[in-house]
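Below is one structure, written out as C-alpha cells, with a few remarks after it.
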Amino acid sequence: MTKLFFLISLIFVLITFTSQLEKQKPPTAAHTELTNYGFPIGLLPSSVKSYTFNQTSGEFSVELGGACKITLPPDNYLAMYSKRVSGKIVEGRIAELDGIRVRAFFKWWSITGISSSGDNLVFEVGMITAKYPSKNFDESPQCEGKHSSS
C-alpha cells in the first residue's frame, strides 16, 4: 500500500512539474526583441512561429501559428491577432502596426501603434489612446482559439 501511494504521488509530482515546464517555454526571438526595445513580452502571443527584423529600418514581421484571439488585461477586451503581425519598432515605440484588432464599443478597432511610457503602455487606435500598466503584459498569452478569417 505504501509503495502504491508513493508511486501515485511520484506520478502526480512529475505531471505537475512537466506542465509547469511547458508553461515556462523560453521566449522566442520576437519576444526577446520586444524587451530589447523596452516592451514586455506579453504584447505577442506564445504562438510565434517565425520572425524577421530589419535593424536598419526597424521594420518587423511576426508569423503566428494562425489567427487567434486573446483577452487583454485588465479590462478583458477581446483582441484578434492575424496570422501575420507587422510594424516598425524603435526604442519605446511601435508604429505602423498591422495585424492586431481589439473589440470595444461593439466594434473591431485596429491597434495602429504602442508606446512605452515609464511603467505604462499607451495603445493607439487611430487618434484615440488608452493607457495600461505594462506589468499586465509581463507574460506571453496563449491563443484562446483559432479563426480562419483575419
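Where a number appears in this text, it was derived from the coordinates with a stated rule and is not lab data. Owing to the predicted nature of the structure, the values given are computational and were not obtained by experimental measurement. Heads up, the Cβs are rebuilt from the backbone with ideal geometry, glycines too, and the neighbour counts pull from every protein chain shown.
How charged is the neighbourhood of GLY126? Take every other residue with its Cβ under 14 Å from the Cβ of GLY126, and add Lys/Arg as +1 and Asp/Glu as -1.
Charge balance in the 14 Å sphere: -1.
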Each label point is 7 Å from the Cα along the Cα-to-Cβ direction; what then is the distance between the points at ASN136 and ARG84, in nm? 3.0
Placing each pseudo-label 7 Å from Cα in the direction of the beta carbon, GLU96 and SER117 end up separated by a distance in nanometres of 2.4
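Rounded to the nearest 0.05, what FRET efficiency is calculated for TYR77 and SER50 with R0 set to 30 Å and r the Cβ-Cβ distance?
Approximately 0.65, to the nearest 0.05.
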Take each of the peptides 98-106, 37-45, average the number of other beta-carbon atoms within 10 Å over its residues, and list them starting from the highest. 37-45, 98-106
